[in-house]
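Below is one structure; the comments refer to it alone.
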Amino acid sequence: MQNILNTIKNNALREIENIKSGDEYIKLEKKYLGRNGEFTKAIKDIKSLAEKERPIVGKIANEIRIDLENGFNKIKEAVLETAGDIKGSVFSFDPTLQSKKQEIGHLHPTTLIQNELMDIFASMGFMILEGPELESDYYNFESLNVPKTHPARDMQDTYYIKPDKKLCSSQIVLRTQTSNMQVRTMHEYGAPLRAIFPGKCFRNEATDVCHDNSFHQLEGMIIDKNISVANLIAVMEEFLSKVFKRELKTKLRPAYFPFVEPGFEVDMNCIICDGAGCPSCKNSGWLEMIGCGLMHPNVLKAGGIDSEEYGGFAFGLGTTRMIMMLHEIADIRLMQSGDIRFTKQF
Ligand code: DAH
């Protein structure tokens, strides 16, 4: 058996060396390695060998197969290099045939808006930081003036992760807001500071046209001396006018967020229905764009900053919602649907 295989190998290698065209190559490959090729047929007999011999001959057969394949590959390359006069079908190449079109993808609208916002805020001197999506209950809630029993937790129900008690003593959650970066950043950089935190957030939501269980936000904050609501309004107006590149109706109204005092909401007129009322704006004609306010002294304290000396403001906006406004998208669920007919439009 071994002799048979070796003879096949020697004959094949000798013949391979003399290949001069693609046609010859195909014929020879079929002769030895094809379904009824000499080598293919010969190795079928291995299974009838004695049990002891089978692995030995099997191994040799494998080595021979590799030698043959290498022989064919080598000659293929050599012949291809001087391919000009060879007409065999494996080597034929027609330069006039139209090539397959490669479609070029592009960034998702969420990434595009995030990049644009980062540019705007960077030009105003803000650092850009990313935070963890798996967050401790402390940074996501407690440090932001939202203790365990606080009613504000109802609005931000999330997914709770069973912590590995050996690694972590705190409850871990999928963060509900990019505000989780407020106290983290104070701990890291101290005062004064100016930073934005774009990223993904999660909530345990019953989904509908304006709610999804994961979405993107951008949080920002300034901590410095003598910060007032006037500074806050100036920054909000500056960046909204840059993003929407048009005249917008906005209004600032008081709102409650546990980590700011006083707190506000910046609303803008719904550009899907032009203020007439539609499902996207819950028929109010207005869209809540930005939550904001002056930093609560308890939060500054949690961040190790003296609230007598420093103040600041924070703001948070849904970038997902912002894209919906910019492109007049009526259903938030399209954003992460993965439907290429949707994403292709941006
Ligand atoms: N984190 C809030 C939310 O997800 C948004 C927010 C409101 C952020 C007010 C702020 C703020 O920084 O001051 O609903």
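Every number in this text was worked out from the coordinates using simple rules, so none of it is lab data. Note that the structure is predicted; figures quoted are calculated from it, not measured. Reconstructed Cβ throughout: ideal geometry from the backbone, glycine too, with neighbour counts over all protein chains shown.
Among the listed pairs Lys44/Lys100; Lys41/Lys76; Lys148/Lys242; Lys44/Lys74; Lys200/Lys245, which are separated by more than 30 Å between their Cα atoms?
Working: Lys44/Lys100 41 Å; Lys41/Lys76 24 Å; Lys148/Lys242 39 Å; Lys44/Lys74 26 Å; Lys200/Lys245 25 Å.
Beyond 30 Å between Cα atoms: Lys44/Lys100; Lys148/Lys242.
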(request) For the range 299-315, just list the computed ³J(HN,Hα) in residue order, Karplus coefficients 6.51, -1.76 and 1.60, θ = phi - 60°, integers in Hz, with x standing in for Gly and Pro. (result) 6, 4, 4, 4, x, x, 10, 6, 6, 6, 8, 10, x, x, 9, 10, 8
(request) Would you mind computing, in nm to one decimal, how far apart the modelled labels at Glu51 and Glu77 are, each placed 7 Å from Cα along Cα→Cβ? (result) 4.3
(message) Modelling each spin label as a point 7 Å along the Cα-to-Cβ direction, I'd like the Asn204/Gln345 distance in nm, to one decimal.
(response) 3.4
(message) With unit charges on the beta carbons (Lys and Arg positive, Asp and Glu negative) and the dipole taken about the Cα centre of the range 2-85, which residue among Asn73, Leu33, Ile19 sits farthest to the positive side?
(response) Leu33
(request) Show the residues, 5+ positions off or on another chain, whose built amide H is closer than 5 Å to the amide H of Ile128. (result) Ile196
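Taking the Cβ of Arg321 as the centre, find all other residues whose Cβ is under 11 Å away and add up their charges (Lys, Arg: +1; Asp, Glu: -1). Could you put the intermediate results ahead of the total?
Details: positive: none; negative: Asp212, Glu288.
Residues close to Arg321 contribute a combined charge of -2.
For Glu247 and Asn115 in one chain, what is 0.36 nm times their gap in residues minus the Cα-Cα distance, to one decimal in nm?
Values: separation 132, 0.36 × 132 = 47.52 nm, distance 2.19 nm.
That pair, Glu247 and Asn115, stretches by 45.3 nm at full extension.
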(message) In whole Hz and in residue order, list the ³J(HN,Hα) couplings for the range 282-291 that follow from phi through the Karplus curve 6.51 cos²θ - 1.76 cosθ + 1.60, θ = phi - 60°; x for Gly and Pro.
(response) 6, 6, 9, x, 10, 10, 6, 9, 9, x
(request) Pull up all non-local amide H partners of Thr158: gap of 5 or more, or a different chain, and H-to-H distance under 5 Å with H placed in the peptide plane. (result) Asn204
(message) Distance between the C-alpha centers of the range 164-238 and the range 255-305? Whole Å please.
(response) 13
(request) Using the 4.7 Å Cβ rule, please list in number order the cysteines from the chain without any candidate partner. (result) Cys168, Cys201, Cys210, Cys292
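Taking the beta-carbon count within 10 Å as an exposure proxy, list His106, His216 from fewest neighbours to most.
On the way: His106 10, His216 23.
Ascending number of Cβ neighbours within 10 Å: His106, His216.
Run lengths n ≥ 4 of DSSP H only: what is the helix-derived mean residue ellipticity at 222 nm for the chain, with -39500 (n - 2.57) per run over all residues, to the nearest 500?
Working: 11 runs with 127 residues, N = 346.
The helix contribution divided over the chain gives -11500 deg cm²/dmol.
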(message) Could you work out how much longer the chain between Glu130 and Met155 gets when fully extended? Use 0.36 nm per residue separation minus the Cα distance between them, nm to one decimal.
(response) 6.6 nm
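For an R0 of 51 angstrom, estimate the FRET efficiency from the Cβ-Cβ distance between Asp224 and Asn70 and round to the nearest 0.05. All intermediate terms of the calculation are to be shown ahead of the outcome.
Details: r = 70 Å, r/R0 = 1.38.
That gives a FRET efficiency of 0.15.
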(message) Which one, Leu5, Gln171, Ile290, projects farthest toward the positive side of the charge dipole computed for the chain from Cβ point charges (K/R +1, D/E -1)?
(response) Leu5
(request) Would you mind working out the magnitude of the charge dipole of the chain relative to its Cα centre, with +1 at each Lys and Arg C-beta and -1 at each Asp and Glu C-beta, to the nearest 20 Debye? (result) 1440
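In the neighborhood of Ala191, defined by Cβ-to-Cβ distances under 9 Å, what is the net charge if each Lys or Arg adds +1 and each Asp or Glu adds -1? Please list the in-between numbers first.
Values: positive: Lys225; negative: Asp224, Asp306, Glu309.
So the surrounding residues net to -2.
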(request) Between Lys20 and Tyr256, with labels modelled 7 Å along Cα→Cβ, what's the label distance in nm to one decimal, could you check? (result) 9.4
(request) May I ask for the angle, rounded to the nearest 10°, between helix 22-33 and the longest principal axis of the chain, with both axes built from Cα atoms and the value confined to 0 to 90°? (result) 80
